[in-house]
């Protein structure tokens, strides 16, 4: 979901933010290619308008890397467990880097066998799962990506957090270029949107979070959990999806589930032990494969011709990316101050000097 630009934000060129992030990450001992991949992934996510999972997460990643709960230079290990299956040990590395590694392994296996399933264990927050599904689709494959998180969502009918936002991404190739991509949390909103609201002093929309008494709240400081996708009446659907994603991402790979996962924003010295799961399909192994991308494009045109001109999943993000490449990525005031503080701490010139000093 593309998020609106907050009042007081200042827009910076994507290239400036990426260059700053690379310098900071290298100062924290990431290898230059890893620093570039992580910076580009977060900038791309912000370009799509998914600000909950974009550059706003950099200060958090910096802090965990500096404390050692995310390893700057993990040793990733692959175990091929079958013709189409593999397990990746993330060695508590940065989740986006581990995610790209595992997803690309799945893409390679799918080209060999037609179908790949790759699990990840002992990693950390892997950002927007659409990054991985879209990469597979751009290569002409069908990509599915799942991950889980610590307890920040109340189950349907519950009053305390139990599951994470546990997102799902599915992407298909499309003849016009950019894939069709579903990228969604199984909750009403991502928890990072609550964290962003706390940082910037915003209120939350109604009926998407609960307080310590199990009552709906719009106060991000009072919120202890977000609610499942579907709301009060139909939240059983989002809750069940979250449970299934947790099983696919956690216990299947020897990772903990829900309440047993160390908190993302709690003990910053504790490794997260997060898992992920990647499925990649080669459409050429099926009857419709040779024409699939063209049919997806045909479907997009048919939908656009319907009353109301429905759009394909992912199209608003593509439009947002084009606009933000032209006008810049918005940086909210408190994020700007965090960026300035990390620039000082790491000895890296800040792209936001005037804002931080104002």
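Tabulated data
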read-out: Among the candidates 205, 262, 216, residue that is within 29 Å of residue 100 (Cα to Cα) and either surrounded by fewer than 22 Cβ atoms within 10 Å (Cβ to Cβ) or touching a strand residue (DSSP E or B) at 6+ places or on another chain (Cβ under 8 Å) (or both); value: 262
read-out: Residue match in the range 164-176 (condition: in a helix (DSSP H, G or I) and either over 20 Å from residue 220 (Cα atoms) or without any contact (Cβ under 8 Å) to a residue 24 or more places away in the chain (or both)); value: no
read-out: Tally, over the range 71-88, of residues that are surrounded by fewer than 16 Cβ atoms within 10 Å (Cβ to Cβ) and part of a loop (DSSP other than H, G, I, E, B); value: 5
read-out: Matching entry among 285, 311, 273 (being under 30 Å from residue 197 (Cα atoms) and either in contact (Cβ under 8 Å) with a residue 40 or more places away in the chain or within 18 Å of the chain's Cα centre (by Cα) (or both)); value: 273
read-out: Residue list for the range 268-312, filter: closer than 20 Å to residue 148 by Cα and either assigned by TED's automatic domain parsing to the domain that holds residue 61 or out of contact with any strand residue (DSSP E or B) (no Cβ under 7 Å at 6 or more places or on another chain) (or both); value: 268, 269, 270, 271, 272
read-out: Among the candidates 318, 301, residue that is within 22 Å of the chain's Cα centre (by Cα) and on the phi < 0 side of the Ramachandran plot; value: 318
read-out: Residue list for the range 317-358, restricted to those being at pLDDT below 95, farther than 18 Å from residue 19 by Cβ and surrounded by fewer than 20 Cβ atoms within 10 Å (Cβ to Cβ); value: 333, 334, 337, 357, 358
read-out: Residue among 216, 220, 190, 206 that is touching a helix residue (DSSP H, G or I) at 6+ places or on another chain (Cβ under 6 Å) and more than 30 Å from residue 295 (Cα to Cα); value: 220
read-out: The one condition in (1) assigned to a loop (DSSP other than H, G, I, E, B); (2) surrounded by fewer than 24 Cβ atoms within 10 Å (Cβ to Cβ); (3) in contact with a strand residue (DSSP E or B) (Cβ under 9 Å, 6 or more places away or on another chain) that residue 157 fails to fulfil; value: (3)
read-out: The one condition in (1) under 23 Å from residue 283 (Cα atoms); (2) buried (at least 23 other Cβ atoms within 10 Å of the Cβ); (3) out of contact with any helix residue (DSSP H, G or I) (no Cβ under 9 Å at 6 or more places or on another chain) that residue 101 fails to fulfil; value: (2)
read-out: Some residue of the range 138-145 being part of a loop (DSSP other than H, G, I, E, B) and buried (at least 21 other Cβ atoms within 10 Å of the Cβ); value: yes
read-out: Any hit, the range 313-324, residues being touching a strand residue (DSSP E or B) at 6+ places or on another chain (Cβ under 7 Å), in the same structural domain as residue 107 (by TED's automatic domain parsing), closer than 19 Å to residue 144 by Cα and not in a helix (DSSP H, G or I); value: yes
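Residue-by-condition table, conditions (1) more than 21 Å from the chain's Cα centre (by Cα); (2) farther than 15 Å from residue 156 by Cα:
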site: 202; (1), (2): yes, yes
site: 207; (1), (2): yes, no
site: 230; (1), (2): no, no
site: 236; (1), (2): yes, no
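So that you can scan it fast, the table gives a plain yes or no per residue for (1) part of a helix (DSSP H, G or I); (2) under 20 Å from residue 125 (Cβ atoms):
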{"site": "219", "(1), (2)": "no, no"}
{"site": "222", "(1), (2)": "no, no"}
{"site": "232", "(1), (2)": "yes, no"}
{"site": "252", "(1), (2)": "yes, yes"}
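The values are calculated or read from the model by the stated rules, or taken from the named source; none is laboratory data. Fair warning: this is a prediction, and the values are worked out from it, not measured in the lab. Counting neighbours? That spans all protein chains shown, and the Cβs are built from the backbone with ideal geometry, glycine included.
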